[in-house]
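Trainee: What follows is a structure written as structure tokens; I'll ask about it next.
The values are calculated or read from the model by the stated rules, or taken from the named source; none is laboratory data. Just so we're clear, the structure is a prediction, and the values are computed from it rather than from any experiment. When we count neighbours, we look across all protein chains shown, and the Cβ atoms used for this are built from the backbone with ideal geometry, even at glycine.
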Amino acid sequence: MIIIGERINGTFTNVRQAIAEKDKKVIQELARQQTDAGAAYLDVNIGTAAADQEGAVQWLVETIQETCATPLCLDSQKPAVIKAGLKVINAANGVILNSTPLNKKSDEEILFKYIAMAQEAGAKAGIIALTMDKNGVPNDVDTRVAIAAEIVSKAAEKGFDTQRLFIDPIVLPVKVPNAQVQPGSILTAMDQIRYLSDPPPHITIGLSNLSQGATERSPINRVFLTMAISHGLDSAILDVLDENLMNELATAEMLMNKQIYSDSFLRVYKTANR
């Protein structure tokens with residue numbers, strides 16, 4: 001499982017305040033904690049925490065890189081913000097560009113822009129592409145899969161290795177009216193997405209989006225994560241500091257024969273991912 005730590009995100013109050021006050025200590029502690037907990041990448045998302053998003057992402061990247069070499073996942077649907085982050089990032093460590101839709105009404109070529117930036121960043125750069133287009137997030141399985149297929153096709157057209165491509169079928173908050181059918185639809189879509197190419201693209205999700213606004217967030221996240229792993233999920237942006245969640249992840253991977261069983265498999269999993 002490629003684990004992307006979610007906590008360096010401007011939607012969190014402490015991160016928003018740290019960005020506003022240029023408080024390196026908060027950001028660097030989150031970078032260290034998530035790395036120690038097993039994050040393979042650290043998501044870097046300004047959100048609405050700064051008016052100057054390009055300057056803010058550069059400050060975050062430089063601040064994180066002062067304290068650890070963990071690869072970063074630059075998270076913005078604005079190519080200019082991604083480009084700004086790439087100017088100061090150590091791409092030799094690896095980087096993921098998150099996230100691009102297939103297209104937008106304001107930018108038909110946005111997917112190609114992300115692919116081009118990843119190619120320029122080097123062989124260790126990947127992209128996360130969303131199963132959405134200029135019409136928004138689809139509600140049905142067939143449209144999700146069709147968009148994913150077009151993303152894979154366009155990546156191949158540009159010579160972009162599908163092993164560097166992550167498809168995000170987009171989980172919606174289960175609390176939103178009429179959204180409770182979506183988790184099942186997403187699992188069905190995953191079953192099909194993993195057969196779109198050989199080798200297949202990675203499948204990832206922003207896990208915490210599923211429980212946004214809900215009271216019992218942790219069990220919702222934990223149960224869906226284990227279900228999704230059985231349907232081909234091999235990456236997720238999640239709270240790596242949630243020990244129960246990480247234990248569920250390790251157990252699911254062991255039961256799916258992706259990790260070798262031993263009586264200390266939880267400890268072994270944590271050690272292997274540090």
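Trainee: Pairs, please: C-beta under 6 Å, at least 6 apart or cross-chain, first residue over 13 Å from residue 239 (Cα atoms) and without any contact (Cβ under 8 Å) to a residue 24 or more places away in the chain and in the stretch 198-222, second of a type in the set (Lys, Arg) and surrounded by 15 or more Cβ atoms within 10 Å (Cβ to Cβ)?
Mentor: Going by the 6 Å Cβ cut-off, there are no qualifying pairs.
Trainee: Given the residues 253, 248, 243, which is the only one that is in contact with a Leu (Cβ under 7 Å, 6 or more places away or on another chain) and charged (D, E, K, R)? So that I can check it myself, show each step before the final result.
Mentor: Values: 253 fails: in contact with a Leu (Cβ under 7 Å, 6 or more places away or on another chain); 243 fails: in contact with a Leu (Cβ under 7 Å, 6 or more places away or on another chain).
Unique residue meeting the criteria: 248.
Trainee: Confirm whether residue 93 is surrounded by fewer than 18 Cβ atoms within 10 Å (Cβ to Cβ) and more than 16 Å from the chain's Cα centre (by Cα). Quick ask: steps written out before the conclusion?
Mentor: Details: surrounded by fewer than 18 Cβ atoms within 10 Å (Cβ to Cβ): yes; more than 16 Å from the chain's Cα centre (by Cα): yes.
Yes.
Trainee: Report, by residue number, each residue of the stretch 114-167 that is touching a Lys or Arg at 6+ places or on another chain (Cβ under 7 Å) and of a type in the set (S, T, N, Q).
Mentor: Selection gives 131 alone.
Matching residues to (1) more than 21 Å from residue 240 (Cβ to Cβ); (2) in contact with an Asp or Glu (Cβ under 8 Å, 6 or more places away or on another chain):
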| site | (1), (2) |
| --- | --- |
| 4 | no, yes |
| 7 | no, yes |
| 16 | no, no |
| 26 | no, no |
| 39 | no, no |
| 49 | no, no |
| 52 | yes, no |
| 59 | yes, no |
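Trainee: A further question on this structure: If we keep just the residues of the stretch 14-45 that are at pLDDT 95 or above and part of a loop (DSSP other than H, G, I, E, B), which is surrounded by the fewest Cβ atoms within 10 Å (Cβ to Cβ)?
Mentor: That would be 22.
Trainee: Which condition from (1) at pLDDT 95 or above; (2) surrounded by 15 or more Cβ atoms within 10 Å (Cβ to Cβ) is the one that residue 87 breaks?
Mentor: Unmet for residue 87, out of (1) at pLDDT 95 or above; (2) surrounded by 15 or more Cβ atoms within 10 Å (Cβ to Cβ): (2).
Trainee: Just the residues that are part of a helix (DSSP H, G or I) and crowded, with 24+ Cβ neighbours inside 10 Å, please, taken from the stretch 124-146. Steps first, please.
Mentor: Of all residues in the stretch 124-146, those part of a helix (DSSP H, G or I) come to 141-146.
Selection gives 144 alone.
Trainee: Follow-up question, since we're still on this one. Is it the case that residue 217 is of a type in the set (Lys, Arg) and crowded, with 18+ Cβ neighbours inside 10 Å?
Mentor: On the way: of a type in the set (Lys, Arg): yes; crowded, with 18+ Cβ neighbours inside 10 Å: no.
Against the criterion (of a type in the set (Lys, Arg) and crowded, with 18+ Cβ neighbours inside 10 Å), residue 217 does not qualify.
Trainee: If you don't mind, there's one more thing I want to ask. Yes or no: residue 167 crowded, with 18+ Cβ neighbours inside 10 Å and within 21 Å of residue 117 (Cα to Cα)? Give the derivation first.
Mentor: Values: crowded, with 18+ Cβ neighbours inside 10 Å: yes; within 21 Å of residue 117 (Cα to Cα): yes.
In short, yes.
Trainee: Every residue in the stretch 99-123 that is out of contact with any helix residue (DSSP H, G or I) (no Cβ under 6 Å at 6 or more places or on another chain), of a type outside the set (A, V, I, L, M) and assigned to a helix (DSSP H, G or I), please.
Mentor: 112, 114, 119, 120
Trainee: Could you tell me how many of the residues in the stretch 187-221 are among the aliphatic types (A, V, I, L, M), part of a loop (DSSP other than H, G, I, E, B) and over 17 Å from the mean Cα position of the chain (by Cα)? Explain how you work it out, then say what you get.
Mentor: Taking the stretch 187-221 and keeping what is among the aliphatic types (A, V, I, L, M), we get 187, 189-190, 193, 196, 203, 205, 207, 210, 214, 220.
Add one more test, that the residue is part of a loop (DSSP other than H, G, I, E, B), and what stays is 196, 205, 214.
This time we only want the ones that are over 17 Å from the mean Cα position of the chain (by Cα), so: 196, 214.
So the count comes out to 2.
Trainee: Now, a different point. Quick check on the stretch 222-274: of everything there that is charged (D, E, K, R) and part of a loop (DSSP other than H, G, I, E, B), which residue is surrounded by the fewest Cβ atoms within 10 Å (Cβ to Cβ)? If you could, list the steps in order and put the result at the bottom.
Mentor: Initially, the stretch 222-274 is screened for residues charged (D, E, K, R), giving 222, 234, 239, 242-243, 248, 253, 258, 263, 267, 270, 274.
From what's left, part of a loop (DSSP other than H, G, I, E, B): 234, 239, 242, 258, 263, 274.
On the way: 234: 17, 239: 18, 242: 19, 258: 12, 263: 7, 274: 9.
The selected residue is 263.
Trainee: Test residue 50 against the criterion of being buried (at least 17 other Cβ atoms within 10 Å of the Cβ), modelled with pLDDT under 95 and among the small types (Gly, Ala, Ser), and give yes or no. Can you show your working first?
Mentor: Working: buried (at least 17 other Cβ atoms within 10 Å of the Cβ): yes; modelled with pLDDT under 95: yes; among the small types (Gly, Ala, Ser): yes.
Yes, satisfied.
Trainee: Follow-up. In this structure, does residue 257 turn out to be on the phi > 0 side of the Ramachandran plot and modelled with pLDDT under 95?
Mentor: yes
Trainee: Are any of the residues in the stretch 76-98 in a strand (DSSP E or B) and in contact with a Leu (Cβ under 6 Å, 6 or more places away or on another chain)? Steps first, answer last, please.
Mentor: Here is the first cut: in the stretch 76-98, the ones in a strand (DSSP E or B) are 95-98.
With the extra rule that they be in contact with a Leu (Cβ under 6 Å, 6 or more places away or on another chain), the set shrinks to 95, 97.
There is at least one residue in the stretch 76-98 that is in a strand (DSSP E or B) and in contact with a Leu (Cβ under 6 Å, 6 or more places away or on another chain).
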